[in-house]
Amino acid sequence: DVYKRQELAQKYIGEGGRLVRELFDLARNKAPAIVFIDELDALGKARGAGSFGGHDEREQTLNQLLTELDGFDTNAGVILMGATNRPEILDPALLRPGRFDRTVEVDRPDVKGREAILKIHAKEVKLAREVVLHKLAVRTPGFAGADLANVVNEAALLAARRDKEASTMSELEEAIERSVAGLERKSRVLNEKERRIVAYHEAGHAMVGEILPEANPVQKISIVSRGIAALGYTLNMPLEDRYLMTREELQDTLAAILGGRAAEEVVFGEISTGAANDLQQATQMAERMVKE
Ligand code: ZN
């Protein structure tokens, strides 16, 4: 409790090591207790593979932690847990038997998990009776818990702005869209020529996505600009969580990503810079297909 907000990775020499010692003393005195270290990578990064400055200090803190772990009596009634988003950079010494030797992977939630998470956040706001959380869960593959919380809050704000008593599906869907594509920018005015190009570009994505059997189905296309870069956008969401993709699916997806640029070429006989992001995405995907 005392250390709830305490930074173990201190900047003063010797400070981190001292805090680790005090933390474990406190836990032993208060047993039964749980010690939870968030962002374990901040002090458990592999030694020698580090940043500039404060390097020795971090090693000292880590060494003190290892010492405490080794002197840890399993019967002392203290459970030690750590959390990290980057397990791959942890010092291997931390993960040896008797130390942090059990790993529980908490992946992004699947559709069932997302529905359960939405249910929790839905308790904090007023939702219209028509709202079906399962539908929202299906439409949000790849969303983490924080993203889902954000969708529910964002929808509540939209509903309030529209003088509605409760969030309806329309606010929730818009909140999902915002989260995927960024905020609407009505102030960004495209001239007629640009609007035509963007419209054909987005329609190109949609057509290819619709025609090819293995590409993701198109959910919505728009030429209302959102976020920083997109002039228009095509939302195609997988209908379900995907764990495996076949070569065919990847190739069809690649084609759909390039569909915008192709449409510009077919319709206008020339291409614009509008496909920069698409090319980047396609290149990344093609590269992973070859290398991984
Ligand atoms: Zn595009």
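Just so you know, all these numbers are worked out from the coordinates, no wet-lab data involved. Keep in mind that what you see is a predicted model, and the values were worked out from it rather than measured. Ideal geometry is used to build each Cβ from the backbone, glycine not excepted, and the neighbour counts take in all protein chains shown.
Observations on the structure shown:
- Value at 222 nm in deg cm²/dmol, rounded to 500, when DSSP H runs of n ≥ 4 in the chain each add -39,500 (n - 2.57): -15500 deg cm²/dmol
- Kirkwood hydrodynamic radius computed over the range 100-199 comes to 15.2 Å, based on all pairs of distinct alpha carbons.
- Note on the chain: antiparallel DSSP beta bridges, both residues inside, total approximately 50 percent of the bridges counted.
- Over all directions, the projected convex hull of the C-alpha atoms in the range 35-144 averages 10.1 nm² in area.
- For the range 140-235, average projected area of the Cα convex hull in nm²: 7.3 nm²
- Estimated D of the range 142-183 in µm² per second, where Rh is the Kirkwood radius over Cα pairs and Stokes-Einstein applies at 10 °C, 1.306 mPa s: 157 µm²/s
- Of the peptides 71-83, 117-129, the ranking by mean beta-carbon count within 10 Å, highest at the top, reads 117-129, 71-83.
- As a rough guide to protection, the peptides 200-209, 58-67, 34-43 ranked by mean Cβ packing within 10 Å, highest first, stand as 200-209, 58-67, 34-43.
- Among the DSSP helices (H) of the chain, those spanning at least 20 angstrom by Cα along their long axis with an average Kyte-Doolittle hydropathy of -1.0 or more are 15-30, 145-161, 192-211, 247-268, 276-291; this is a geometric and hydropathy rule only.
- Amide H contacts of residue 168: 128, each under 5 Å away and 5 or more positions distant or on a separate chain (H built 1.01 Å from N in the peptide plane; Pro and chain starts excluded).
- Length gained on full extension, residue 184 to residue 22: 53.3 nm, using 0.36 nm per residue less the C-alpha separation.
- Kirkwood-Stokes translational diffusion coefficient of the chain, alpha-carbon pairs, 10 °C, 1.306 mPa s, µm²/s: 68 µm²/s
- The fewest-to-most ranking of 193, 291 by surrounding Cβ atoms within 10 Å reads 291, 193.
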